[in-house]
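Inspection log for the structure reproduced underneath, given as structure tokens.
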Amino acid sequence: MTEYRDPAYACAYLAMQDVIPQRDVGERLLLDVGCGDGRLLALAHTRFPGAEGVLLDHSAAMLDAARARTWPAPVDYVAHDLSQPLPPLGTFDAIISGFAIHYLSDLRKRELYTELRGLLNPGGLVLNLEHVASVDAHEHTRFLDLLGGKEDPSNQLAPAWDQVAWLRESGFARADVVWKWLELALIVGWTD
Ligand SMILES: C[S@@+](CC[C@H](N)C(=O)[O-])C[C@H]1O[C@@H](n2cnc3c(N)ncnc32)[C@H](O)[C@@H]1O
């Protein structure tokens, strides 16, 4: 049971619901790069069901899996290889990515961050839940063991803090690692 069963508490929430910071970001338009089956957009919709989305991936099978979902708001699908410059996509309030950008070279990661910055509306942000480089070989082995011990030769892992620096160089007003566990990190860049 939550405080929302108290009518006064519920009314207080309803009176301020439109001034919750960043809420509008999530409720307008989201771009998911390297979307897979749309898992992250689906997660975002649990909180912001009105958010329209663009799902981008280079895998037709992944985009088909995303199309098979039932979405609560309009969703567009873009087949594109992120190793190439982004096509015209429009502008966005939030750009999300999960475990996809680490397949790109470091040079391309930096270019992509600059391109993503250019797609953001004022106040927008990029959230990259990423597979990042370990701080040392011991941590890498520990992480690999937890995942079954198999190296993925496609990985081009970069340290989370390097990526924060690249976001800043790309024109983001602020950037940070807001969560990290071994080789998984949530890297966020904010515009003003
Ligand atoms: C590990 S899956 C993650 C999928 C999803 N984002 C998630 O969080 O579950 C990586 C995804 O990145 C996509 N991907 C990898 N390299 C890509 C590239 N160069 N261009 C576009 N998509 C790419 C793959 O097709 C795949 O859907």
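Laid out as a table, the results:
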quantity: Every residue from region 144-192 that is under 20 Å from Ser105 (Cβ atoms) and of a type in the set (Asp, Glu); calculated: Glu151, Asp152, Asp162, Glu169, Glu183
quantity: Positions within region 72-122 being farther than 21 Å from Leu43 by Cα, open to solvent by less than 60 Å² (accessible area, probe 1.4 Å) and in a loop (DSSP other than H, G, I, E, B), in sequence order; calculated: His80, Leu82, Ser83, Leu86, Pro87, Leu89, Gly90, Leu104, Ser105
quantity: Among residues of region 149-182, those that are in contact with a Lys or Arg (Cβ under 9 Å, 6 or more places away or on another chain) and outside any helix (DSSP H, G or I), counted; calculated: 8
quantity: Cβ pairs under 6 Å, 6+ apart, first in region 50-67 and more than 13 Å from Leu29 (Cβ to Cβ), second away from the ligand (no atom under 11 Å from the Cβ); calculated: Leu63/Tyr77
quantity: Residue satisfying all of: in region 171-192; open to solvent by 50 Å² or more (accessible area, probe 1.4 Å) and under 15 Å from the mean Cα position of the chain (by Cα); nearest to Leu157 (Cα to Cα) among these; calculated: Lys180
quantity: Unmet requirement for Gly148, which otherwise passes all of (1) away from the ligand (no atom under 16 Å from the Cβ); (2) farther than 15 Å from Gly98 by Cα; calculated: (1)
quantity: Positions within region 147-167 being more than 21 Å from Leu82 (Cβ to Cβ) and surrounded by 15 or more Cβ atoms within 10 Å (Cβ to Cβ), in sequence order; calculated: Trp161
quantity: Residues of region 67-102 that turn out to be in contact with a Leu (Cβ under 8 Å, 6 or more places away or on another chain) and either within 14 Å of the ligand (Cβ to nearest atom) or closer than 18 Å to Gly36 by Cα (or both), as a count; calculated: 20
quantity: Pair list, Cβ < 9 Å and 6+ apart or interchain, from region 105-120 residues that are touching a residue at least 24 places away in the same chain (Cβ under 8 Å) to residues that are buried (at least 18 other Cβ atoms within 10 Å of the Cβ) and of a type in the set (D, E, K, R); calculated: Leu120/Asp93
quantity: Residue count, region 51-82 (criterion: within 20 Å of Leu119 (Cβ to Cβ) and of a type outside the set (D, E, K, R)); calculated: 16
quantity: Subset tally (residues that are of a type in the set (A, V, I, L, M, F, W, C), open to solvent by 80 Å² or more (accessible area, probe 1.4 Å), assigned to a helix (DSSP H, G or I) and at pLDDT below 70) for region 1-35; calculated: 1
quantity: Single condition Val132 does not satisfy, out of (1) modelled with pLDDT of 95 or more; (2) more than 16 Å from the ligand (Cβ to nearest atom); (3) under 15 Å from the mean Cα position of the chain (by Cα); calculated: (2)
quantity: Single unsatisfied condition, Glu183 versus (1) in contact (Cβ under 8 Å) with a residue 24 or more places away in the chain; (2) over 11 Å from Val132 (Cβ atoms); calculated: (2)
quantity: Residues being assigned to a helix (DSSP H, G or I) and under 27 Å from Asp106 (Cβ atoms) - total across region 36-59; calculated: 3
quantity: Residue satisfying all of: in region 50-64; near the ligand (Cβ under 9 Å from one of its atoms) and out of contact with any strand residue (DSSP E or B) (no Cβ under 8 Å at 6 or more places or on another chain); farthest from Gln156 (Cα to Cα) among these; calculated: Ala61
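The values are calculated or read from the model by the stated rules, or taken from the named source; none is laboratory data. If you're wondering where the values come from, they're calculated on a predicted model, not measured in any experiment. Don't worry about glycine lacking a Cβ; one is built from the backbone with ideal geometry, like all the others, and counts go over all protein chains shown. Accessible surface is based on the protein model in full, side chains and every heavy atom, while ligands, DNA and RNA are left aside. Shrake-Rupley method; radii C 1.70, N 1.55, O 1.52, S 1.80 Å.
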